[in-house]
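Data block below; observations after.
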Amino acid sequence: MSRDESLFAAVRAAMPDASHPFLRLPGGTTITYGDMLARSSRLAHAIAASGVRPGDRVAVQVEKSANALLLYLACLRAGAIYLPLNPAYTVAEIEYFLADAEPRLVAVSPARESAVRALAGERASLHTLGDDGKQGSILAEADRHATTFADVPGAANAPAAILYTSGTTGRSKGAMLSQENLLSNACVLRDLWRFTPNDVLLHALPIFHTHGLFTATNTLLMAGGSMMFLPRFEPDAIFAALPHTTAMMGVPTFYTRLLADSRLDCRTTAHIRLFISGSAPLLAETHRQWFARTGHIILERYGMTETGMIASNPYAGERVAGSVGFALPGVALRVAAPDSGAELPQGDVGTIELRGPNVFAGYWRNPEQTAQAFRPDGFFITGDLGRIDERGYLHIVGRAKDVIISGGFNVYPKEIEAEIDSLPGVRESAVIGVPHADLGEAVTAVVVLDPGAKLDEAVAIRQLGERLARYKLPKRIFVVEELPRNTMGKVQKALLRQAHRQVF
Ligand code: MCA
Ligand code: AMP
């Protein structure tokens, strides 16, 4: 290979002084860029020593910590394909991912070790990383190795990560993100949002999704900036961090929860230059209240696992409430007729489709689903419905896909319905998203029972919790006589959403 086109080569090229802070942790510890290189070198050796070769998958299901983030960077350096998994997933849920991705190495919390050992198969090595990020066999192994590592060079189209995501079709699919997908998006966002080495990003997002892992981390790395790295979103920690940070990225729930806190005002947010929101719709009302309370105009952007970031409100121009702004530089975006993909006249509502260096190559070992996701001319079909206004701003007006976004996490009704249908006494179910002040949408189930059967709501939710991650659990289950159907026999979820719109 003539040139190293990998994301990590670009991280090195963008690196400030070795003494410059990369991560600031609560309690005052700082991990400098020099520390980042040394510690990710050791971890990259540990990964290679586990038998991982370039192109092998490394599945990671651990709590957020500095070492968990360094493990991601170590995978990039070792040429492995990084596969993050939500620590909230139950053992039943991760069984599928491990069988599908066939990782060479699996890193889990110590509490999961024995359950995952049985699932991972003989080919996979197993390592642990502690819930506090400070213990585990992978760190013990890393300690035995050198603080330098010869990075595996990568071509632009080499896969860097697989993130599992479901479309409309039930089972999760692994979206393969290439070096170029991640790198191009990070560089565009650094420039658009004006990140520099002087920035300190307030990072309270999980690191197993695009938002916290790529949009936040890769962008800051490309700028040579720093991150205040909090284990989770928690208002006291946010208010303690605000005076020491310059920007925050969050899901809308972050903003509504902070608005509910009397500490939020112009003074407590004075040190911040940029608040960014995404992953779910930010209510125009939240946008306005935030401005009234803090004097800051939230910058809303739009993205997807398969594409990284797609569109953003401008940094310098008007940030319009209820809009996600303009397509990013390098992204060709159209609003199209759902059946044909033909571009619609400006102002019409259609599916949002795009093409660009940020768009993934396809789903892992799934050519059929990959083919269905693209138009013949290479445009990716997002499944979101949008409209472009007369000034060129994109507005997301709904979703063609059946997905609920709860607190920024996607929940796929089909998966939940299948679990509910297997409960004793349930004949059928429909799972919908219902407006919820805190989470945006709340997972809600409507079920029909077998004749004479009874359902105890709390017991049913507890039973579902043995199979499903907590954020997927219905907040409420309603029993009805029958589900509304159209003449084709399809359940009319719009009617159910309408009937249940005020339950929270
Ligand atoms: C936690 N719970 C939830 C959620 N999170 N239930 C529904 N929806 C959720 N999002 C459960 C907990 O398990 C708990 O259950 C109960 O709700 C209350 O938890 P709470 O303490 O209030 O929650 P939390 O731990 O404070 O979490 C809320 C949160 C978190 C901070 C909003 O969900 C979060 O960090 N969300 C960010 C998601 C994200 O990063 N999405 C990006 C995807 P119990 O009471 O039973 O114990 S990437 C993406 O979408 C695209 C590409 C993009 O554009 O970015
Ligand atoms: P995921 O499938 O987890 O990658 O989530 C991507 C989806 O989140 C998109 O297809 C949108 O439906 C939604 N999304 C992300 N950002 C926004 C936003 N700013 N406004 C509305 N929806 C959004």
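Against the list (1) assigned to a loop (DSSP other than H, G, I, E, B); (2) among the acidic types (D, E); (3) within 12 Å of ligand 2 (Cβ to nearest atom), the condition E300 fails is (1). Scan the range 41-57 and give yes if some residue there is among the β-branched types (V, I, T), within 19 Å of the chain's Cα centre (by Cα), on the phi < 0 side of the Ramachandran plot and crowded, with 21+ Cβ neighbours inside 10 Å, otherwise no. No, there is no match, as no residue in the range 41-57 is among the β-branched types (V, I, T), within 19 Å of the chain's Cα centre (by Cα), on the phi < 0 side of the Ramachandran plot and crowded, with 21+ Cβ neighbours inside 10 Å.
In summary, L192 fulfils each of the numbered conditions (1) closer than 25 Å to G133 by Cα; (2) more than 17 Å from the chain's Cα centre (by Cα) with the single exception of condition (1).
Please determine whether any residue of the range 194-209 is part of a helix (DSSP H, G or I) and in contact (Cβ under 8 Å) with a residue 60 or more places away in the chain. Looking through the range 194-209, none of the residues is part of a helix (DSSP H, G or I) and in contact (Cβ under 8 Å) with a residue 60 or more places away in the chain. For beta carbons closer than 6 Å, sequence separation of 6+ or different chains, a first residue in the range 277-293 that is in contact (Cβ under 8 Å) with a residue 12 or more places away in the chain and part of a helix (DSSP H, G or I) and a second that is more than 11 Å from ligand 1 (Cβ to nearest atom) and among the small types (G, A, S), the qualifying pairs are A284/A321; A284/G322; H287/A321.
Rundown of residues vs (1) buried (at least 18 other Cβ atoms within 10 Å of the Cβ); (2) in contact with a Lys or Arg (Cβ under 7 Å, 6 or more places away or on another chain), yes/no style:
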| position | (1), (2) |
| --- | --- |
| N358 | yes, no |
| Y363 | yes, yes |
| P367 | no, no |
| A373 | yes, no |
| D377 | no, no |
| T382 | yes, no |
| R387 | yes, no |
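On the given criteria, is M249 surrounded by 20 or more Cβ atoms within 10 Å (Cβ to Cβ), among the aliphatic types (A, V, I, L, M) and not in a helix (DSSP H, G or I)? Yes: the conditions hold for M249.
Against the test of being charged (D, E, K, R) and under 16 Å from the mean Cα position of the chain (by Cα), the options E306, E285 yield a single qualifying residue, E306. Just the residues that are within 26 Å of the chain's Cα centre (by Cα) and either buried (at least 23 other Cβ atoms within 10 Å of the Cβ) or closer than 20 Å to D143 by Cα (or both), please, taken from the range 25-40. Within the range 25-40, T30, I31, T32, Y33, M36, L37, R39, S40 meet the criteria. Considering the range 296-315, the residues that are more than 22 Å from S184 (Cβ to Cβ) and among the aliphatic types (A, V, I, L, M) include one that is surrounded by the fewest Cβ atoms within 10 Å (Cβ to Cβ), namely I297. Could you go through the range 245-258 and let me know if any residue there is in contact (Cβ under 8 Å) with a residue 40 or more places away in the chain and more than 16 Å from ligand 1 (Cβ to nearest atom). The answer is yes; a qualifying residue exists. Out of the strands (runs of 3 or more DSSP E) lying entirely within the range 1-100, which hold 2 or more residues that are closer than 22 Å to L119 by Cα and touching a strand residue (DSSP E or B) at 6+ places or on another chain (Cβ under 8 Å)? Fully inside the range 1-100 and qualifying: 57-61, 81-84.
Total residues in the range 101-116 satisfying the condition of being out of contact with any Ser or Thr (no Cβ under 6 Å at 6 or more places or on another chain) and in a helix (DSSP H, G or I): the figure is 6. If you scan the range 327-340, which residues turn out to be outside any loop (DSSP other than H, G, I, E, B) and either away from ligand 1 (no atom under 16 Å from the Cβ) or surrounded by fewer than 18 Cβ atoms within 10 Å (Cβ to Cβ) (or both)? Hits for the range 327-340 are A332, R334, V335, A336. Within the range 389-407, residues that are among the polar types (S, T, N, Q) sit with their Cβ atoms under 9 Å from residues that are more than 10 Å from ligand 2 (Cβ to nearest atom) and in a strand (DSSP E or B), at 6+ positions apart or across chains, in these pairs: S406/G433; S406/H436; S406/E441; S406/A442; S406/V443. Taking the listed residues L328, L333, the one that is under 24 Å from L7 (Cα atoms), aliphatic (A, V, I, L, M) and within 15 Å of ligand 2 (Cβ to nearest atom) is L328, with no other qualifying. With respect to the numbered conditions (1) away from ligand 1 (no atom under 16 Å from the Cβ); (2) over 23 Å from V251 (Cβ atoms), which one is the sole condition not fulfilled by A373? For A373, the exception is condition (1).
Filtering the range 149-182 down to residues that are closer than 20 Å to P84 by Cβ and among the hydroxyl-bearing types (S, T, Y), which residue is modelled with the lowest pLDDT?
S166
The values are calculated or read from the model by the stated rules, or taken from the named source; none is laboratory data. All figures in this text were calculated on a predicted structure; none of them were measured in a lab. Counting neighbours? That spans all protein chains shown, and the Cβs are built from the backbone with ideal geometry, glycine included.
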